[in-house]
Structures are given as C-alpha cells and as structure tokens.
Amino acid sequence: MEKMSFRKQTVTTMTQTVVARSTEATTSDWKQALPVLTGSMVTLRELRLSDAPSLLAMLSTEEVARFISPPPSTVAGFERFIAWTHRERGAGNYACFAVMPHGMDTAIGIFQVRQLEPGFGTAEWGFAIGSAYWGTGVFMDAARLVIDFAFDVIGTHRLEARAAILNGRGNGALRKIGAMQEGILRRSFLRHGEYLDQALWTILDEDWKAQRVVWGARVH
Ligand SMILES: CC(C)(COP(=O)(O)OP(=O)(O)OC[C@H]1O[C@@H](n2cnc3c(N)ncnc32)[C@H](O)[C@@H]1OP(=O)(O)O)[C@@H](O)C(=O)NCCC(=O)NCCS
C-alpha cells in the first residue's frame, strides 16, 4: 500500500501494450468500467469525482495517513487523483474501488490493485479506510471482494502487499485475511524523512481458492 497509494505510476510501455492485447478477452470489461461488487456489509464501485470531499475527510487524518504515502491535502488534489485512477484503469494498469457501507452513498475508503508486471500476473494491493470504520468488519468484507476480483476477473496469480512493520493494524489485517508474510523489506519506505522497514505479504490464487472452498463449506 505504502508504495502505491496516491503516487503516479509510469505510463504503459510498448511491451505492456502488446501483452495487454493478448489478454484482452478476459480483461477488457474491467478496463472500460469497474464492476460493482456487493458484499454483506459494503458495496465497492469505481471512484467518482464527487467522492473527493468524503475521501479527503476519511483518509487525510493523522491516524489513517501515518503509514501510507501522503494522501492529497485538498478536494482538488483528490479530484486529480480520481481522474488519474480512471486513466490508469483504462490503460489496464490499475484498479481503484471506493468502499461504501450498505445504506450509504459516501465513500469511506479505497482499495487499489496495480500490476507489477505486464499482464497483471503479479499485482500489488493496498487499502485505507476511515478510522471510524476500523474494527467493524468492513475491511474483511471489502478485502474478500477485491481479492476475488484480482484472481477471478483480472487473472492475477500472486497478490503482494507491503505494510510498514510499525503499522500494527495493517499487518494484523493482512494476517487475518490469510496473507503469508514472506520477508522484511529493509528500509524500503520513506515516511516523514525516515526509512521504515516493511513486511511483504502475499496471497497466491491457488491458496485463496482453496481457502474460499473452506469458507463456503462452513457457510453451508
Ligand atoms: C489497514 C486497515 C484498512 C485495516 O482495517 P481495520 O478495520 O483496522 O482492520 P481489522 O480491525 O479488521 O483488522 C486489524 C486486525 O489487526 C489487529 N491489530 C490492531 N492493532 C494491532 C497491533 N498493534 N498489532 C497487531 N495487530 C493489531 C486487530 O486486532 C485486528 O485483528 P482482530 O480482528 O483479529 O482483532 C485500516 O486500519 C486502515 O485504513 N489503516 C490506515 C491505512 C493503512 O495503514 N493502510 C495500509 C495497510 S498495509
């Protein structure tokens, strides 16, 4: 998350374009517009420019922004970020969902997925939710939808996340969703003039699908 949030990514290269074309059949729909994903507590949808004020209020607080790349500090800055997410989605590099609890039309957080290699085989995800919604179950509900989307719709094989070691909730959330900690990325994240260590967490598509079968069995 830390490396990806709110930071402009490089433009699509020639190689990426060629590989993207070869996967067009499975990925073209989400590149046109993200689907609406519905969970038990939240709905996820594409960001809208009108989400800018609520995202500013939710994500620019000290406790939310402590361990992530600095979010925009104005409504106009968030509008530019949202327009950028649409361009990057259209290019097939990236997807960003707004999180809305059922019964609300206000975005209270975001989940992002970006490709780490052409064709999205390996990808990185990240997330931030307004602190009023921490510990409510919103994270788990939204995270399952986004991971399903990455593996089932985009066709990702390996989903990575980075969390500063000091970020207790971020690491706790990743452990809880079933990610595996593969290692420590030493001094890999610059925050407030200081390099922080990060944990590298991964989920593989085959592990996720096996885990999903177990959840399904519990439900029925
Ligand atoms: C990351 C985030 C989306 C997770 O959502 P959340 O609602 O806080 O997550 P949850 O409460 O469902 O899960 C966090 C888990 O970490 C645990 N936890 C909290 N503080 C912890 C700490 N200091 N050390 C270890 N675990 C901790 C919680 O107890 C919880 O586990 P439990 O449900 O088994 O008790 C949210 O905290 C957030 O937006 N943080 C700011 C943005 C951010 O840091 N994003 C990057 C993450 S890599």
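Examine region 28-42 for a residue that is within 16 Å of the ligand (Cβ to nearest atom), among the charged types (D, E, K, R) and at pLDDT below 95, and state whether such a residue exists. The answer is no, given that none of the residues of region 28-42 is within 16 Å of the ligand (Cβ to nearest atom), among the charged types (D, E, K, R) and at pLDDT below 95. Of all residues in region 124-171, exactly one satisfies the criterion of being among the small types (Gly, Ala, Ser), at negative phi, without any contact (Cβ under 8 Å) to a residue 40 or more places away in the chain and near the ligand (Cβ under 6 Å from one of its atoms), namely 168. On the given criteria, is residue 111 in contact with a helix residue (DSSP H, G or I) (Cβ under 8 Å, 6 or more places away or on another chain) and in a strand (DSSP E or B)? It is true that residue 111 is in contact with a helix residue (DSSP H, G or I) (Cβ under 8 Å, 6 or more places away or on another chain) and in a strand (DSSP E or B).
When you look at residue 183, is it more than 16 Å from the ligand (Cβ to nearest atom) and either at pLDDT 95 or above or surrounded by fewer than 18 Cβ atoms within 10 Å (Cβ to Cβ) (or both), yes or no? No, not satisfied. Scanning region 131-176 for residues that are buried (at least 18 other Cβ atoms within 10 Å of the Cβ) and in a loop (DSSP other than H, G, I, E, B) turns up 156, 167. Please go through region 177-217 and give me each residue that is part of a helix (DSSP H, G or I), in contact (Cβ under 8 Å) with a residue 40 or more places away in the chain and among the aromatic types (Phe, Trp, Tyr), ordered by number. Of everything in region 177-217, just one residue is part of a helix (DSSP H, G or I), in contact (Cβ under 8 Å) with a residue 40 or more places away in the chain and among the aromatic types (Phe, Trp, Tyr), namely 208. Within region 186-210, being more than 12 Å from the ligand (Cβ to nearest atom), small (Gly, Ala, Ser) and within 18 Å of residue 66 (Cα to Cα) holds for 188, 193. Of all residues in region 53-103, which are touching a residue at least 24 places away in the same chain (Cβ under 8 Å), surrounded by fewer than 17 Cβ atoms within 10 Å (Cβ to Cβ) and of a type in the set (Lys, Arg)? Within region 53-103, just 66 meets the criteria.
Test residue 72 against the criterion of being modelled with pLDDT of 95 or more and more than 16 Å from the ligand (Cβ to nearest atom), and give yes or no.
No, not satisfied.
So which residues in region 43-69 are hydroxyl-bearing (Ser, Thr, Tyr) and away from the ligand (no atom under 11 Å from the Cβ), if there are any at all? Outline the logic, then answer.
First, the residues of region 43-69 that are hydroxyl-bearing (Ser, Thr, Tyr): 43, 50, 54, 60-61, 69.
If the condition is that a residue be hydroxyl-bearing (Ser, Thr, Tyr) and away from the ligand (no atom under 11 Å from the Cβ), then 43, 50, 54, 60 are the ones that fit.
The values are calculated or read from the model by the stated rules, or taken from the named source; none is laboratory data. Keep in mind that this is a model prediction, so the values were computed, not measured. Cβ atoms come from the backbone with ideal geometry, glycine included; neighbour counts cover every protein chain shown.
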